[in-house]
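Here the structure is laid out as structure tokens; the discussion comes afterwards.
The values are calculated or read from the model by the stated rules, or taken from the named source; none is laboratory data. Since the model is a prediction, treat every value here as computed from it, not as a measurement. Note that each Cβ is placed from the backbone with ideal geometry, even for glycine, and that neighbours are counted across all protein chains shown. Just so you know, the surface numbers come from the protein's heavy atoms only, side chains and all, with ligands and any DNA or RNA stripped out. Shrake-Rupley method; radii C 1.70, N 1.55, O 1.52, S 1.80 Å.
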Amino acid sequence: MVYTNPIRMSESLSSQLPNQDLIKDLENIRYALDQSSIVAITDNKGVIEYVNDKFVEISKYSREELIGKTHRVINSKHHPKEFIKNLWDTILSGQIWRGELRNRAKDGTYYWVDTTITPLLDKHGKIQKFISIRNDITKRKELEQQKDEFIAVASHELKTPITSLSLYLQLLNKQLKPAENKSLLPMVEKMQKQLNKLSSLVSDLLDVTKIEAGQIQFNFQTFTLSDLIAETIDEVQSVSPHHQIQFQNSVSATVKGDRERIGQVLTNLLINAVKYSPAANQVEVQLLKNHESITVGVKDFGIGIEPSDRDNIFTRFYRTKNNHSKSIPGIGLGLYISSEIIKRHQGKIWVDSHPGQGSIFYFSLPVDNK
Ligand code: ADP
């Protein structure tokens, strides 16, 4: 995560306070910081010049072993090269970097830190030093890992019985003769519908597991986006007869991507548009194109989303606290999976919304110009 407004050293210490008071205040702030956080200062090449006691304690290295070295000493080799490159690109461009890092202590154990690295610039804007402030989040990470492992095992184990139940239901459906089994057939249909819901829930959980493990596979090909939209609308329309899904198709464009995964994003957005607009009966799909990108908008006239929720709805398991949405079933994974899929296509996903009036979910993909 990148933040702007780095600190310029010469301007940072405001001249509003008399010198003595300012020094006292700074000492107090540093004392408080040392009590709460793991602090390190490096030169502009990343060579460590200062570490506080908490850094020494968590890394299990002595101060002498750390000063003069770079953070490579505590590198756990957990993060992909691009992640570390992004960190360096950010701070070397004078911006603040914030994120979660796994480090390796001297005894070989790992610890996780929530990290903010701030470049300090001189009055010409040149980087002088980097200050990193970290907080230990190892406990939270371990709990998250246990939860992820449980989800992975449970969803994997659920997959087999669901598949065989589905097969038996299909067999049953074939064997029942409509004329003789009038009352049974609708029951079998209802069972199949519930099983489909269960199956899509389990496949969402499996997708999350794959995303977290960096194992989600994409099969890139060139395809016409408007055709995929029309197909997906047909599918969603067949299970949502109450809503009229309209698509004004005036743009023809090909994109390069995983057709099935992009279809999954569209399905998620369309199903949400229907699900979160129980009092409306219309959904509109738009397609806009410029030189670089093609944008899809899915518009509903439903309950909408409060501004405070808009950043969070793309994180996993997040559901809004809105009273209307509480009664609508869901587990908060569809938008997270969709945003990961779009990110992997170098695209963007976002929402515009007016609470009580409706929302438009957009995603854009680079146009395939070849
Ligand atoms: P789910 O629908 O299973 O809860 P999603 O990840 O698809 O999970 O959505 C996350 C949350 O975002 C939902 O719980 C809901 O609160 C909100 N949301 C998503 N789409 C809409 C929409 N079209 N209108 C209003 N709220 C929405």
Scoring the chain by relative contact order with C-alpha pairs under 8 Å, at least six apart, yields a percentage of 11
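Counting only chymotrypsin sites (Phe, Trp or Tyr not before Pro) that are in a DSSP loop and have at most 16 other C-beta atoms within 10 Å, tell me the longest site-free stretch of the chain. All intermediate terms of the calculation are to be shown ahead of the outcome.
Working: sites that count: Phe218, Phe220, Phe317, Tyr318.
Within the chain, the longest run free of exposed chymotrypsin sites (Phe, Trp or Tyr not before Pro) spans 1-217.
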Rounded to the nearest 0.05, FRET efficiency between Asn28 and Lys60 (Cβ-Cβ, R0 22 Å) equals 0.15
Check: C-alpha center segment 15-59 vs C-alpha center segment 96-162, spacing in Å is 22
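What whole-number value in Å² describes the accessible area per residue of the chain for a 1.4 Å probe?
Details: 22420 Å² over 370 residues.
Solvent-accessible surface per residue comes out at 61 Å².
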The long-range amide H neighbours of Ser76, using H built 1.01 Å from N in the peptide plane and a cut-off of under 5 Å, are Arg104
Heads up, segment 259-370 by the C-alpha gyration tensor (a ≥ b ≥ c square roots of eigenvalues; a/c under 1.5 rounded, else a/b over b/c prolate, else oblate) looks prolate
Taking segment 125-186, the lysine pairs whose C-alpha atoms sit under 30 Å apart (8 or more places apart or on different chains) add up to 7
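Mind checking segment 20-72 for trypsin sites (Lys or Arg not before Pro) that DSSP puts in a loop (not H, G, I, E or B) and that have at most 10 other Cβ atoms within 10 Å? Mind showing how you got there, number by number?
Values: sites: Lys24, Arg30, Lys45, Lys54, Lys60, Arg63, Lys69, Arg72; in loops: Lys45, Lys60, Lys69.
Those that pass, being in a loop and sparsely packed, are Lys45.
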Once both label points are put 7 Å beyond Cα along the C-beta direction, the Gln128-Asn196 separation in nm becomes 6.5
Computed on Cα atoms, Rg of segment 63-161 relative to 2.2 N^0.38 Å comes out at 1.41
Here FRET efficiency (C-beta to C-beta, Gln175 to Phe220, R₀ 35 Å, nearest 0.05) is 0.25
Heavy-atom accessible area of Asp107, protein chains in place, probe 1.4 angstrom, given in Å² to nearest 10, is 90
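As an exercise, identify the GluC sites (Glu not before Pro) in segment 132-238 lying in DSSP coil whose Cβ has no more than 11 other Cβ atoms within 10 Å. Walk me through the intermediate numbers first.
Numbers: sites: Glu142, Glu144, Glu149, Glu157, Glu180, Glu189, Glu212, Glu231, Glu235; in loops: Glu180.
Counting only loop positions with at most 11 other Cβ atoms within 10 Å, the GluC sites (Glu not before Pro) in segment 132-238 are Glu180.
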Note on segment 238-287: contact order normalised by length, alpha-carbon pairs under 8 Å, 6 or more apart, percent, works out to 70
Cα extents of the chain along the principal axes, largest first, in whole Å, come to 92, 46, 46
Each label sits 7 Å from Cα toward the beta-carbon; between Thr70 and Ser183 the label points are separated, in nm, by 7.7
Simple SL model, points at 7 angstrom along Cα→Cβ for Ser250 and Arg140; separation in nm is 4.7
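Kindly flag which residue pairs out of Lys256/Lys343; Lys45/Lys343; Lys77/Lys106 have an alpha-carbon separation exceeding 20 Å in this structure. Mind showing how you got there, number by number?
Details: Lys256/Lys343 13 Å; Lys45/Lys343 31 Å; Lys77/Lys106 14 Å.
Where the Cα-Cα span goes over 20 Å, the pairs concerned are Lys45/Lys343.
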Dividing the mean separation of Cα pairs under 8 Å (6+ apart) by the residue count of segment 63-158 yields a relative contact order in percent of 19
